[in-house]
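The values are calculated or read from the model by the stated rules, or taken from the named source; none is laboratory data. The structure displayed is predicted, hence computed values, not measured ones. All Cβ positions, glycine included, derive from the backbone under ideal geometry; neighbour counts span all protein chains shown.
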């Protein structure tokens, strides 16, 4: 890509899209195109086609998607499969029609089977059953991968599909009902720290900025949901309740590393296909909770709700393909979490 190339970033306000904006601007790219949802509804095929015909982008980064954690996927499965298939189908088809030079499609590591050999190689796709808790989202993303591969094969396009592992970073979703595990833990421990210090006003401010706090969580934090005042006695001592057993292993990738890898691939990868993006290291959810509680400074009680699902036992990506191209992740997990927590408190 040239510094003056016209680059369209779909989903520029989201976690991944905003990271691509930051990365490209930092590297001197000066012709970036963005549209808000109000300006361009990617679910509407005619509007997407009109936008591409008018703007004629040379490169496309497809980071727009409906995303969420286990709870969100279980409550809104129809929205997850419909919206993601519609968005990616409309953008990929419009990119083909308007002869986009290269497109990067952002997928997810959840596309791989639940019980998969570790670390997970790209060729393990469709080798087993998916994790049921996020199957609709995974099926949608697999459809996007296969669409890119089919267009490359039939039309000789240059559409790359990248599969990052669990992403985190600035502009993440901290809604306690729809967020992924890392931002949810950051917020829970932050709220528990405030509750332990009796800072109910700060908790109310957090709720106004970051979204509702479920009544059961307020009670666990030692706060009366109806009055937002501390509960008396032992009930007033905050407890952080976390889902599952804490034993599943997860790999976390800072979104700035994702954007760095994505720009690298747009400039250096001439054989478009599926490629994993990760840091090559994982840890248990328990270890993650310990890191986050230490960063936040919460020293209170933690309980695990074993009645809640764990999800996939382990997800560690094999990143040798990307490593052989000359790219490696550079942000250590604890450093990245410290950065995220600073960003969270500044909001």
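Listed conditions (1) farther than 21 Å from residue 269 by Cβ; (2) free of Cβ contacts under 8 Å to residues at least 60 places away in the same chain are all met by residue 6, apart from (1).
Restricting 26, 95 to those that are modelled with pLDDT of 95 or more, farther than 30 Å from residue 243 by Cα and out of contact with any strand residue (DSSP E or B) (no Cβ under 9 Å at 6 or more places or on another chain) reduces the list to 26. Just one of the listed residues (256, 335) is in a helix (DSSP H, G or I), closer than 30 Å to residue 192 by Cβ and under 17 Å from the mean Cα position of the chain (by Cα), namely 256. Among the conditions (1) farther than 18 Å from residue 110 by Cβ; (2) under 18 Å from the mean Cα position of the chain (by Cα), the only one that residue 345 does not satisfy is (2). Any residue in region 231-245 that is at pLDDT 90 or above, under 23 Å from the mean Cα position of the chain (by Cα) and farther than 17 Å from residue 300 by Cβ? Yes, the conditions are met somewhere in region 231-245.
Taking region 176-222 as the range and being part of a loop (DSSP other than H, G, I, E, B), out of contact with any helix residue (DSSP H, G or I) (no Cβ under 7 Å at 6 or more places or on another chain), under 30 Å from residue 64 (Cα atoms) and modelled with pLDDT of 90 or more as the test, the residues that pass are 211, 212, 214.
Kindly establish whether residue 276 is part of a strand (DSSP E or B) and within 26 Å of residue 146 (Cβ to Cβ).
yes
Residues in region 83-112 that are assigned to a loop (DSSP other than H, G, I, E, B) and more than 23 Å from residue 323 (Cβ to Cβ): 98, 99, 100, 101.
Here residue 163 meets each of (1) within 26 Å of residue 228 (Cβ to Cβ); (2) not in a loop (DSSP other than H, G, I, E, B) with one exception, condition (1). In region 122-137, of all residues being out of contact with any strand residue (DSSP E or B) (no Cβ under 8 Å at 6 or more places or on another chain) and part of a loop (DSSP other than H, G, I, E, B), the one that is surrounded by the fewest Cβ atoms within 10 Å (Cβ to Cβ) corresponds to 129.
Quick check on my filter: what residues within region 56-82 are surrounded by fewer than 23 Cβ atoms within 10 Å (Cβ to Cβ) and either modelled with pLDDT of 95 or more or not in a loop (DSSP other than H, G, I, E, B) (or both)? 56, 58, 70, 71, 72, 74, 75, 77, 78, 79, 81, 82, listed by residue number. Residues that are crowded, with 17+ Cβ neighbours inside 10 Å, under 25 Å from the mean Cα position of the chain (by Cα) and in a helix (DSSP H, G or I) within region 32-55 comprise just one, 48.
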